Amino acid sequence: MKYALILFATVLISLSIISCKDTTKSGTETETQTAATPKTDISNFLGQWTIDIEGGKVGWLEVRQEKDYIDGDLMWIGGSVSPVADMFMDNDGHLVVTRVDNRPRKEDQKDNPENNRQITNWLKISKQGDKIVGYFYRPSRNGIGIDSTSFSGTKLSPPPPAPDLTSLKFGTPITLFNGKDLTGWRLIDEKDKNGFSVKDGILTTDPAQVEGQPHISYGNLRTDKEFNDFNLKLEVNVPAGSNSGVYLRGMYEVQVFDSYKKPLDSHNMGAVYSRITPSVNAEKPAGTWQSLDITLCDRHVTVILNGTKIIDNKPVYGPTGGAMQSDVNAPGPIYLQGDHGKVEYRNIVLTPIEK
């Protein structure tokens, strides 16, 4: 028995020594590999990215290295460009981006949300060549399991210098709306209900819902033709509390909203939605016709509202919520938002910029 115990102890010590040698070797190899290609190097992710999302949607991400932390902004499919909740590198070299959404668990008798919960969503991003790829994760609505959506991103170069608007050459004006019917226009998604109609030279969107009936999904209306840079003039009539939007090249929304006498904000009438705030208020009261004169050139936007310049040749850095394409250099349609409220349009004329 004594000799058996001694033999057993000797075997254990030998195995321990072998294990230690293997561990040391493995650790050395890992340290060498890490020193050659640090997995937590943020430099590959810095900058701005346009994102193509599974299902044909669009997003945008900016990653910034601050003094002692990583920060950024995110636009995911719809809504505003917003600061992220957190951003960090994990130990495997992925960039992790989190954001927090409010999700009502139930509603009161008047359908007002109550019992809100803060739900964390996150993006897990890898660098693949000159692109980024990854998945957007969110908890399932019933709290069981996780839903995921794949995406890829393309690095955005900075906008070029502001163009000299006084030297621009314009082509022949194009009347986009004939005042009689929807010739030259179509829904972006033909499965949606068309809430647009034409009468007496006025194009109206009226996404009416029926109380007590299931929600109706109304569509957005786009031009058949696509355009590069241009000047766009139109008139719009916004009832109290209503809103719509005019998308330039299907990418940048110029807000149409009843913001009369509201403080300056990037969501007001004539703003580039959540990106460029008007410099002055120039709105008219709800229910009156207002004019928009918009120039898009070299990724810079100028907006004249009711004869007053409210955005002066400012750069726009990426798509706004609801964009239908991500390529900032590609031609695209004019599209009118049709799912938010009743709004009227007339006298829509586009003049291309010749280069």
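The values are calculated or read from the model by the stated rules, or taken from the named source; none is laboratory data. Predicted model only: the values in this text are computed from it and were never measured. Backbone-built Cβ (ideal geometry, glycine too); neighbour counts: all protein chains shown.
Points worth noting:
- Residue within segment 157-174 that is surrounded by fewer than 16 Cβ atoms within 10 Å (Cβ to Cβ), touching a residue at least 40 places away in the same chain (Cβ under 8 Å) and in a strand (DSSP E or B) present: yes
- Residue satisfying condition, being within 19 Å of S152 (Cα to Cα) and either surrounded by 10 or more Cβ atoms within 10 Å (Cβ to Cβ) or modelled with pLDDT of 95 or more (or both), within set L61, L15: L61
- Looking across segment 210-223 at every residue that is in a loop (DSSP other than H, G, I, E, B) and polar (S, T, N, Q), the one that is farthest from E235 (Cα to Cα) is identified as Q213.
So that you can scan it fast, the table gives a plain yes or no per residue for (1) under 29 Å from M251 (Cβ atoms); (2) outside any strand (DSSP E or B):
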site: K67; (1), (2): no, yes
site: D71; (1), (2): yes, no
site: M75; (1), (2): yes, no
site: M87; (1), (2): yes, no
site: D92; (1), (2): no, yes
site: V97; (1), (2): yes, no
site: V100; (1), (2): yes, no
site: P104; (1), (2): no, no
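- Among the conditions (1) touching a strand residue (DSSP E or B) at 6+ places or on another chain (Cβ under 7 Å); (2) under 23 Å from V58 (Cβ atoms), the only one that D189 does not satisfy is (1).
- Filtered by the rule that a residue be over 27 Å from Q48 (Cα atoms) and either crowded, with 19+ Cβ neighbours inside 10 Å or polar (S, T, N, Q) (or both), segment 311-343 gives G338, G341, V343.
- Put simply, of A271, A282, A208, A240 the only residue that is small (G, A, S), on the phi < 0 side of the Ramachandran plot and buried (at least 22 other Cβ atoms within 10 Å of the Cβ) is A271.
- Test: residue in segment 175-186 that is of a type in the set (A, V, I, L, M), free of Cβ contacts under 8 Å to residues at least 60 places away in the same chain and not assigned by TED's automatic domain parsing to the domain that holds Q290: no
- For segment 227-255, filtered to residues that are out of contact with any Leu (no Cβ under 8 Å at 6 or more places or on another chain) and not small (G, A, S), the residue that is modelled with the lowest pLDDT is N243.
- Residues within segment 175-209 that are part of a loop (DSSP other than H, G, I, E, B), of a type outside the set (S, T, N, Q) and closer than 15 Å to D339 by Cβ, tallied: 9
- Tally, over segment 195-205, of residues that are over 29 Å from E354 (Cβ atoms) and either assigned by TED's automatic domain parsing to the domain that holds G56 or surrounded by 15 or more Cβ atoms within 10 Å (Cβ to Cβ) (or both): 6
- Under the condition of being under 30 Å from E354 (Cα atoms) and either aliphatic (A, V, I, L, M) or part of a strand (DSSP E or B) (or both), the residues counted in segment 227-267 number 19.
- For V256: the one exception among (1) surrounded by fewer than 21 Cβ atoms within 10 Å (Cβ to Cβ); (2) within 23 Å of L296 (Cα to Cα); (3) touching a Gly at 6+ places or on another chain (Cβ under 6 Å): (1)
- K284 vs. criteria of a type in the set (K, R), at pLDDT 95 or above and not in a loop (DSSP other than H, G, I, E, B): no
- Restricting K309, K355 to residues that are touching a residue at least 40 places away in the same chain (Cβ under 8 Å) and either not aliphatic (A, V, I, L, M) or not assigned by TED's automatic domain parsing to the domain that holds R222 (or both) narrows the list to K355.
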